[in-house]
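*Asks:* Sending over a structure as structure tokens; questions will come in a sec.
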Amino acid sequence: MSSLPPSSTAGAESNQVLVEANGSTRTLILNRPNKLNALSLAMIKKLLRLFTAYGKDDGVKLLIMKGKGRAFCAGGDAGKDSQTILNDGWKISADFFRNQYLLNYIIATCTKPQVSLLSGIVMGGGAGVSLHGRFRVATENTIFAMPETALGLFPDVGASYFLPRLPGFYGEYVALAGARLDGAEMLACGLATHFVHSNRLLLLEESLKMVDVSNTFAVCGVIDQFAEQPALKENSSLKRMELINRCFSKRTVEEIISALEQVASNLADGWLAATIQSLKKASPTSLKITLRSIREGRTQTVGECLRREYRMVCHVVRGDFSRDFFEGRRAILVDKDQSPKWMPPRLEQVHEKAVEQYFSKISDPEWEDLQLPIRHSYGRNIESKL
């Protein structure tokens, strides 16, 4: 792991992730409320050190993670990150993603139960630090999405592991369309393990600190006492699973859109129209590499998915085959004109050979694949739930 930045950054790091100790429980609080708790490199490095240390500490039995303010975590600090690449070169960004993916892996293979209290926004990197853990508690105000295809990137942080393990082809839909899910939908599809009303979260948290956390069943039993089974809204995408499976099981993005349009030609449906519009507004390159990533992830371990995603993201931030990553952030996060000019602009111009290159090693003598430690509990956490 790279050394710490200068002391001023170390000070910021200390404040951006707060730790509360209560017996054998450690509560980690993401503390950038004005940035919707978006993950900075300093936060990622601190979380990485904490999870690594807690994994070896017999005195720590339970980890609780939550966000301060109205969001759990809105993702990585993407707007700042793309500007950093332009100023300082792509390897700065590669370092950010390398540390982030290593953190995702450490969480996914941690032997200590983690309870993530998913109140408010959970997007991108926020999903990476929560969904790989054992317990994911959604609420009535939870908003989940992986919106990367609209930003010129692809769903990463291990999304190619946890999204393909959702029912049917729902993962393809969520990944390609950047669909927003509420707490009830997260529970119904398996992204969340529990649903607890937000006004009971504090009481749940206090109860968890008092329980005998020597086994996972005791932790689950406490959460069960607060959990509800919410009804899905009438317009929920999960009530369209037959249609989603029929369309999003197609081999290519072009065939998926064509199948959706064919249904829409005979059916006036707001969900259909919105889904087609989302796909047509997204980066064509991002859509194609995302579909392949999700399909490959169906049969891969979480470590294999993260290693592949690291190759992909290094190609993206280098701008080897497309600069949509920079254009998406300009249009959505910086200038906010909401009108990215994708290159290539059309799906048929993104050839299979170009897609293939995103999955290859980087041609740079200083670059190496993502190195992950050997973990004896490999894949236990999320594979048992999704």
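*Asks:* Has the stretch 244-251 got any residue that is touching a residue at least 24 places away in the same chain (Cβ under 8 Å), loosely packed, with under 14 Cβ neighbours inside 10 Å, in a loop (DSSP other than H, G, I, E, B) and touching a strand residue (DSSP E or B) at 6+ places or on another chain (Cβ under 8 Å)?
*Replies:* No, every residue in the stretch 244-251 fails to be touching a residue at least 24 places away in the same chain (Cβ under 8 Å), loosely packed, with under 14 Cβ neighbours inside 10 Å, in a loop (DSSP other than H, G, I, E, B) and touching a strand residue (DSSP E or B) at 6+ places or on another chain (Cβ under 8 Å).
*Asks:* Go through the residues of the stretch 5-19 one by one and say whether even a single one is over 18 Å from the mean Cα position of the chain (by Cα), buried (at least 18 other Cβ atoms within 10 Å of the Cβ), at pLDDT 95 or above and of a type outside the set (A, V, I, L, M).
*Replies:* In the first step, residues of the stretch 5-19 are kept if they are over 18 Å from the mean Cα position of the chain (by Cα); the result is 5-19.
Filter once more, so that each one left must be buried (at least 18 other Cβ atoms within 10 Å of the Cβ): 13, 16-17.
So of that shortlist, the ones also at pLDDT 95 or above come out as 16-17.
From what's left, of a type outside the set (A, V, I, L, M): 16.
Looking for residues that are over 18 Å from the mean Cα position of the chain (by Cα), buried (at least 18 other Cβ atoms within 10 Å of the Cβ), at pLDDT 95 or above and of a type outside the set (A, V, I, L, M), one finds at least one in the stretch 5-19, hence yes.
*Asks:* In addition: Within the stretch 92-106, can one find any residue that is buried (at least 20 other Cβ atoms within 10 Å of the Cβ) and in contact with a Phe, Trp or Tyr (Cβ under 6 Å, 6 or more places away or on another chain)? Full working, then the answer.
*Replies:* Residues of the stretch 92-106 that are buried (at least 20 other Cβ atoms within 10 Å of the Cβ), as a first pass: 93-94, 96-98, 100-106.
Now drop any that are not in contact with a Phe, Trp or Tyr (Cβ under 6 Å, 6 or more places away or on another chain), which leaves 101, 106.
Scanning the stretch 92-106 turns up at least one residue that is buried (at least 20 other Cβ atoms within 10 Å of the Cβ) and in contact with a Phe, Trp or Tyr (Cβ under 6 Å, 6 or more places away or on another chain).
*Asks:* Can you tell me which residue among 331, 273 is in a helix (DSSP H, G or I), over 23 Å from the mean Cα position of the chain (by Cα) and under 30 Å from residue 236 (Cβ atoms)?
*Replies:* Numbers: 331 fails: over 23 Å from the mean Cα position of the chain (by Cα).
Every option except 273 fails the conditions.
*Asks:* While we're looking at this one, here's another question. Could you please find all residues in the stretch 166-219 being open to solvent by 10 Å² or more (accessible area, probe 1.4 Å), under 15 Å from residue 114 (Cβ atoms) and under 22 Å from the mean Cα position of the chain (by Cα)?
*Replies:* 193, 194
*Asks:* What pairs come up if the first residue lies in the stretch 135-162 and is within 20 Å of residue 306 (Cβ to Cβ) and modelled with pLDDT under 95, the second is open to solvent by less than 10 Å² (accessible area, probe 1.4 Å) and hydrophobic (A, V, I, L, M, F, W, C), and their beta carbons are under 6 Å apart, counting only those six or more places apart or on different chains?
*Replies:* Listed by first residue and then by second, the contacts come to nothing, as the list is empty.
*Asks:* In a helix (DSSP H, G or I), at pLDDT below 95 and either open to solvent by 20 Å² or more (accessible area, probe 1.4 Å) or over 30 Å from residue 336 (Cα atoms) (or both): is that true of residue 59 in this structure? Reasoning before the result, please.
*Replies:* Numbers: in a helix (DSSP H, G or I): no; at pLDDT below 95: yes; either open to solvent by 20 Å² or more (accessible area, probe 1.4 Å) or over 30 Å from residue 336 (Cα atoms) (or both): yes.
No; evaluated as a whole, the condition is false for this residue.
*Asks:* Based on this model, can you work out whether residue 307 counts as open to solvent by 70 Å² or more (accessible area, probe 1.4 Å), basic (Lys, Arg) and part of a helix (DSSP H, G or I)?
*Replies:* On the way: open to solvent by 70 Å² or more (accessible area, probe 1.4 Å): yes; basic (Lys, Arg): yes; part of a helix (DSSP H, G or I): yes.
So residue 307 fits the description; yes.
*Asks:* Using beta carbons and a limit of 6 Å, which pairs, at least six apart or on different chains, have the first residue in the stretch 185-201 and touching a residue at least 24 places away in the same chain (Cβ under 8 Å) and the second one of a type in the set (S, T, N, Q) and in a loop (DSSP other than H, G, I, E, B)?
*Replies:* So the pair list comes out as 185/236; 198/119; 198/139; 198/141.
The values are calculated or read from the model by the stated rules, or taken from the named source; none is laboratory data. Note that the coordinates shown come from a computational prediction; the quantities given were computed from them, not determined experimentally. Virtual Cβ from ideal backbone geometry, glycine too; neighbours counted across all protein chains shown. Surface areas here come from the heavy atoms of the whole protein model, side chains and all, with no ligands, DNA or RNA. Shrake-Rupley method; radii C 1.70, N 1.55, O 1.52, S 1.80 Å.
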